[in-house]
Amino acid sequence: MFDAASAPSSWTVPSVASMLTGALPHQLGMVGSHWNPRASGHDQARIPSAATTLAERLLRGGYRTYAVTSNAHLTANRGFGRGFAFYANVDFGAAASV
């Protein structure tokens, strides 16, 4: 339990990107969300290729890296799967199915 906690952003995508890279959202260029009617959902920023993720560091260090997420915004094509030997996104699946 924490007496006080804070997140680097008010929404999931830049907050998780910060957890995976150790960089703040503004350093990653992830400070906005723009609705794109031709895309499914928000056309959100990607984790920059220059930013190294924790999973990439662990994989290079010989660790097995696997991830399963139940947030449809945290897709591999936005960089969230980088460094994971296995990455599954189950959309907005219930905990029981994950």
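At-a-glance table
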| quantity | calculated |
| --- | --- |
| Rounded accessible area per residue of the chain, 1.4 Å, Å² | 67 Å² |
| Against the rule of thumb 2.2 N^0.38 Å, how large the Cα Rg of the chain comes out | 1.12 |
| Added length on full extension, which subtracts the Cα-Cα distance from 0.36 nm per residue, Ser10 to Val90 | 26.6 nm |
| Carbon plus sulfur fraction of accessible area for the chain, probe 1.4 Å, in percent | 55 percent |
| Contact order normalised by residue count of the chain, Cα under 8 Å, 6+ apart, percent | 20 percent |
| Spin-label pair Leu59/Asn71, simplified geometry with 7 Å Cα→Cβ offset, distance in nm | 2.0 nm |
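The values are calculated or read from the model by the stated rules, or taken from the named source; none is laboratory data. Just so we're clear, the structure is a prediction, and the values are computed from it rather than from any experiment. In this analysis, Cβ positions are derived from the backbone assuming ideal geometry, glycine residues included, and neighbour counts consider all displayed protein chains. Areas reflect the complete protein model, heavy atoms only, side chains present, ligands, DNA and RNA absent. Shrake-Rupley method; radii C 1.70, N 1.55, O 1.52, S 1.80 Å.
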